[in-house]
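Asks: Quick one: this structure, given as structure tokens, is what I'll be asking you about.
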Amino acid sequence: MNGKLIHPSAHLFLPAENRRVTDMGEAHTALARTTDLCIGAHQDDIEIMAYGPIAACYSDATRHFTGVTVTDGGGSPRTGIYAHYTDDQMKAIRIEEQNQAAWIGRYAAQVNLAYPSGEVKDPHNRALIEELKTIIQAAAPQVVYTHNLFDKHDTHVAVALRVITAIRELPAPARPRLIGMEVWRALDWLADADKVVHDTAPHPNLSAALLGVYDSQITGGKRYDLASQGRRLANATFFASHDVDDVESASFGVDMSALVAGECGSCKAAADAAAFVEGHIAAFQADVLARMARF
């Protein structure tokens with residue numbers, strides 16, 4: 001596996017070696033160790049949505065986590081000491097923060113693809129899909145985590161659709177399980193049977209450290225660290241109304257593997273994704289109406 005990443009500022013960070021490389025061939029060993037791969041749109045999305053898998057890999061010598069951050073960090077909101085930073089300065093800071101998180105979390109690798117958001121959202125741009133295919137094949141993970149299709153952030157949904165297409169276009173034996181995770185919209189409304197529950201209670205110090213490195217966001221006016229912790233605590237407590245909590249902190253995902261099981265590549269990916277979303281929303285509506293009708 002050789003090849004330069006497409007964007008000039010794109011690179012792979014290898015935490016165990018504390019170095020950056022721009023040729024995927026130089027990261028072959030690190031990528032090949034991967035069991036759990038998370039593909040997020042922005043810096044800190046990985047740590048918000050996939051802390052459960054990160055913590056599981058941190059504690060298990062047989063599992064290894066790799067992160068892929070798709071965008072370049074441009075357009076970030078900023079206040080305080082960052083209020084007068086240029087977009088290029090913010091990009092550099094956000095990528096450095098992402099790499100620091102990868103080092104703290106002992107990731108096998110952190111891939112920073114540095115796409116402008118506009119390219120990610122362009123349905124005719126195939127570059128990201130091709131790069132994702134190469135990365136997923138090189139890592140050969142058991143599970144891929146990405147944004148869920150119910151998310152309310154446009155770039156998140158676009159990334160999820162690109163991931164679905166990329167995996168669908170791989171040979172069937174190379175397609176990993178695909179889980180959509182929470183960031184800009186929670187998944188507590190899903191039927192319990194459809195929730196993939198991740199225990200986020202282990203290593204609370206690690207959880208705090210991973211999100212704490214994003215000073216540009218926290219000081220810049222977005223307390224993602226507190227918001228993520230609060231959602232996880234709420235998920236655990238409000239998961240079951242008549243049972244004691246199984247875990248103290250939890251994040252929810254939704255299994256999207258059915259969307260990558262087809263043989264037609266990208267030809268029906270968008271249509272299948274729409275049907276997937278409609279099915280879950282219809283099930284939620286039916287559940288609410290049925291409960292009302294009982295009383």
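Asks: Using the Cα centre of the stretch 143-287 as origin and beta-carbon charges of +1 (Lys, Arg) and -1 (Asp, Glu), tell me which of H198, V157, P176 is placed farthest towards the positive end of the dipole.
Replies: V157
Asks: Under 10 Å from the Cβ of H156, count the other residues' Cβ atoms, weight Lys and Arg +1, Asp and Glu -1, and hand me the total. Write out the running numbers ahead of the final one.
Replies: On the way: positive: K152, R185; negative: D45, D151, D154.
Local net charge: -1.
Asks: With every protein chain kept in place and ligands, DNA and RNA left out, what is the accessible area per residue of the stretch 110-153? Probe 1.4 Å, answer in Å². Walk me through the numbers on the way to the answer.
Replies: Working: 1580 Å² over 44 residues.
About 36 Å² of surface per residue is accessible.
Asks: Another question about this same structure. Give the carbon-plus-sulfur fraction of the accessible surface of the stretch 54-98 in %, rounded to a whole number; probe 1.4 Å, heavy atoms of protein chains only.
Replies: Working: 1080 of 1980 Å².
The nonpolar share, carbon plus sulfur, comes to 54 percent.
Asks: While we're looking at this one, here's another question. Can you compute the helix-only [θ] at 222 nm over the chain? Use -39500 (n - 2.57) per DSSP H run of at least 4 residues, normalise by all residues, nearest 500 deg cm²/dmol.
Replies: Numbers: 11 runs with 123 residues, N = 295.
It lands at -12500 deg cm²/dmol.
Asks: Quick check for me: using +1 on Lys/Arg Cβ and -1 on Asp/Glu Cβ, what's the dipole size of the stretch 1-54 about its Cα centre, in debye to the nearest 20?
Replies: Working: 4 positive and 7 negative charges, 42 e Å.
So the dipole magnitude of the stretch 1-54 works out to roughly 200 debye.
Asks: Further, regarding this structure: How about the stretch 1-63: which GluC sites (Glu not before Pro) there are in a DSSP loop, with at most 15 other Cβ atoms within 10 Å of their Cβ? Write out the running numbers ahead of the final one.
Replies: Values: sites: E17, E26, E47; in loops: E17.
Passing sites in the stretch 1-63 are E17.
Asks: Using a/c under 1.5 as the rounded threshold, could you call the stretch 152-205 rounded, prolate or oblate? The axes a ≥ b ≥ c are square roots of the C-alpha gyration tensor eigenvalues, and prolate needs a/b larger than b/c, oblate otherwise.
Replies: Working: a/c = 1.84, a/b = 1.47, b/c = 1.25.
Here the stretch 152-205 falls in the prolate category.
Asks: Right, something else. What's the magnitude of the charge dipole for the stretch 99-142 around its Cα centre, counting Lys and Arg as +1 and Asp and Glu as -1 at the beta-carbon? Answer in Debye, nearest 20. Write out the running numbers ahead of the final one.
Replies: Working: 4 positive and 4 negative charges, 31 e Å.
Once rounded to the nearest 20, the dipole reads 140 debye.
Asks: Also: For the stretch 208-243 and the stretch 28-70, what is the separation of their C-alpha centers, rounded to whole Å?
Replies: Using only Cα atoms, the two centres lie 18 Å from each other.
Asks: Based on the inverse mean of 1/r over its pairs of different Cα atoms, what is the Kirkwood hydrodynamic radius of the chain, in Å?
Replies: On the way: mean 1/r = 0.0513 Å⁻¹.
By the Kirkwood definition, the hydrodynamic radius is 19.5 Å.
Asks: A further question on this structure: By average Cβ neighbour count within 10 Å, what is the ranking of 215-228, 81-94 from highest down?
Replies: Details: 215-228: 17.0, 81-94: 14.8.
Sorting 215-228, 81-94 by mean packing, highest first, produces 215-228, 81-94.
Asks: Rounded if a/c is under 1.5, else prolate if a/b is larger than b/c, else oblate: which is the stretch 1-111, with a ≥ b ≥ c the root eigenvalues of its Cα gyration tensor?
Replies: Working: a/c = 2.29, a/b = 1.40, b/c = 1.64.
Here the stretch 1-111 falls in the oblate category.
Asks: Okay, moving on. Residue by residue, what Karplus-based ³J(HN,Hα) values in Hz, rounded to whole numbers, does the stretch 140-153 have, using 6.51, -1.76 and 1.60 with θ = phi - 60° and x for Gly and Pro?
Replies: 6, x, 6, 9, 10, 10, 8, 5, 7, 6, 8, 4, 9, 9
Asks: Another question about this same structure. For the chain, what's the relative contact order in percent, using C-alpha pairs closer than 8 Å and at least 6 residues apart? Please report the intermediate quantities before stating the final value.
Replies: Details: 550 pairs, mean separation 61.0, N = 295.
Worked out over the chain, it gives 21 percent.
Asks: Let me ask you something else. Using a 1.4 angstrom probe with every protein chain in place, what is the largest-first accessible-area order of E169, E248? Show your work: numbers first, answer last.
Replies: Working: E169 45, E248 145 Å².
These residues rank, largest area first, as E248, E169.
Asks: When only C-alpha pairs under 8 Å and at least 6 residues apart count, what is the relative contact order of the stretch 51-119, in percent? Could the numbers behind the result be given before it?
Replies: On the way: 74 pairs, mean separation 32.9, N = 69.
Worked out over the stretch 51-119, it gives 48 percent.
Asks: I'd like to compare 66-75, 187-196: which one has the highest average count of other Cβ atoms within 10 Å, and what's the full order after that?
Replies: On the way: 66-75: 24.6, 187-196: 14.9.
Answer by packing, highest mean first, reads 66-75, 187-196.
Asks: Where the only charges are on Cβ atoms (+1 Lys, Arg; -1 Asp, Glu), what is the dipole of the chain about its Cα centre, to the nearest 20 debye? Can you show the working numbers first?
Replies: On the way: 26 positive and 36 negative charges, 54 e Å.
Its charge dipole is roughly 260 debye.
Asks: Find out how many positive minus negative residues lie around A101, taking Lys and Arg as positive, Asp and Glu as negative, among other residues whose Cβ is under 9 Å from that of A101.
Replies: Working: positive: none; negative: D44, E47, E97.
Computed value for this residue: -3.
Asks: Would you mind computing, in nm to one decimal, how far apart the modelled labels at R106 and I281 are, each placed 7 Å from Cα along Cα→Cβ?
Replies: 4.2 nm
Asks: Using each residue's phi in the stretch 21-38, evaluate 6.51 cos²θ - 1.76 cosθ + 1.60 at θ = phi - 60° and report the 3J(HN,Hα) Karplus result to the nearest Hz, with x for Gly and Pro.
Replies: Per-residue couplings from phi come out as 9, 10, 9, 4, x, 6, 9, 4, 4, 5, 5, 5, 7, 5, 10, 10, 10, 10 Hz.
Asks: Along the positive direction of the dipole of the chain (beta-carbon charges: Lys, Arg +1; Asp, Glu -1; about the Cα centre), which of N235, H28, V144 reaches farthest?
Replies: Of the listed residues, the answer is H28.
The values are calculated or read from the model by the stated rules, or taken from the named source; none is laboratory data. Not measured: the values here are computed from a predicted model. Please note: Cβ atoms are built from the backbone with ideal geometry, for glycine as well, and neighbour counts cover all protein chains shown. Accessible surface is based on the protein model in full, side chains and every heavy atom, while ligands, DNA and RNA are left aside. Shrake-Rupley method; radii C 1.70, N 1.55, O 1.52, S 1.80 Å.
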